[in-house]
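J.: Here it is: the structure, laid out below.
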Amino acid sequence: NRRLPQYLERGVDVKFTDVAGLGKIRLELEEIVKFFTHGDMYRRRGVKIPGQDAIMSYLGLGAKLISSKLFVDELPLLLTRGGILLCGPPGVGKTLLAKAVAGEAGVNFFSISASQFVEIYVGVGASRVRALYQEARDNVRFQFLLSDYGDCWTSLDQANRFTSQNAPSVVFIDELDAVGRARGLIKGSGGQERDATLNQLLVCLDGFEGRGEVITIASTNRPDILDAALVRPGRFDRKIHIPKPGLIGRVEILKVHARKKPMAPDVDYLAVATMTDGMVGAELANIIEVAAINMMRDERTEITTDDLLQAAQIEERGMLDKRERSP
Ligand code: ATP
């Protein structure tokens, strides 16, 4: 019986419209979605995920080429096969974005924090990485099993228990720096175990080349400390920076989270966004939740601008407290 890992999510319902304030970043991610949805076309052309440098130098040829047929035909020039690295401070929506890629493409989503690979005993982390990719690539089809072992099954249900179809999938590795720190930055012992884990991850990244059914998206808020081996071309060579949202971004994020709440029709989102300079999506989402609690406590039926402004003050106080506590 195949045990599905807890970190697998099927039928992800997050879409790009749930991630606000993205601007041009969305275009880059749409391309990854296309890789899944038009995978055959890409594979026929020998294309893996185009690396950032290759794309940039290509775009340098001029905007005219981009829209022309030539651009599509010449895509095979942009060969690379690594993963995508989302960089940015905590709470800006890196996880949400990776999920949205899976949701838009209609594929499964495996997520794991790289700190879960960190172990004392040599080989344990590496075997966890291997297991993750084995699951993510798993594509044992029911029909295949039936034809192979047809006589053994007593019922459809029994056969189904042995069936799993996880690929295509997005593998999301949070806090990549936990295993990907540059060698000189590792304190104490454990270097051998960490090297084994890192090497296994690199092997798995390279390994998806032939199949094109698993895409790795990793996130970090410290791209500067990653081991050079990880960011070499063909590895995590496609970096996407997700900054803290600006004023308009904050308005958009507040509106996304307000969608499912009973907001008063005259809510002044701009005023709230102006008051929340420096906040990230996670904090803005929290403001909407706290404002909703305010409304409930007062037994009202609509969330007002005042509710939001009060909630923003509470969030800001929380932020300041956290900053004071952290060394
Ligand atoms: P960390 O680095 O701490 O893992 P993260 O960058 O992965 O943080 P998320 O976990 O994706 O951040 O964000 C937490 C929550 O904040 C999301 O589930 C979502 O509700 C909200 N959020 C963050 N950014 C956005 C955004 N751009 N648009 C809408 N909601 C957002």
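J.: Quick one: which of ALA312, ALA264 is among the small types (Gly, Ala, Ser), surrounded by 17 or more Cβ atoms within 10 Å (Cβ to Cβ), out of contact with any Cys (no Cβ under 8 Å at 6 or more places or on another chain) and over 30 Å from ILE84 (Cα atoms)?
T.: ALA312
J.: Please state which of the following conditions GLY188 fails to meet, knowing it meets all the rest: (1) farther than 28 Å from ALA100 by Cα; (2) part of a helix (DSSP H, G or I); (3) modelled with pLDDT of 50 or more.
T.: (2)
J.: Scanning for something modelled with pLDDT of 70 or more, on the phi < 0 side of the Ramachandran plot and surrounded by fewer than 17 Cβ atoms within 10 Å (Cβ to Cβ), does the range 46-56 turn up at least one residue?
T.: No, that holds for no residue.
J.: Can you confirm whether ASP224 is at pLDDT below 95, assigned to a helix (DSSP H, G or I), surrounded by fewer than 20 Cβ atoms within 10 Å (Cβ to Cβ) and acidic (Asp, Glu)?
T.: yes
J.: Quick check on my filter: what residues within the range 233-257 are within 11 Å of the ligand (Cβ to nearest atom) and not in a loop (DSSP other than H, G, I, E, B)?
T.: GLY249, ARG250, GLU252, ILE253, LEU254, LYS255, VAL256, HIS257
J.: So for the range 243-251 (the condition being surrounded by 13 or more Cβ atoms within 10 Å (Cβ to Cβ), touching a strand residue (DSSP E or B) at 6+ places or on another chain (Cβ under 6 Å), over 30 Å from PRO168 (Cβ atoms) and modelled with pLDDT of 85 or more), does at least one residue qualify?
T.: no
The values are calculated or read from the model by the stated rules, or taken from the named source; none is laboratory data. Please read these numbers as outputs of a predicted model, since none were measured by experiment. Cβ sites come from the backbone with ideal geometry, for glycine too, and all protein chains shown count toward neighbours.
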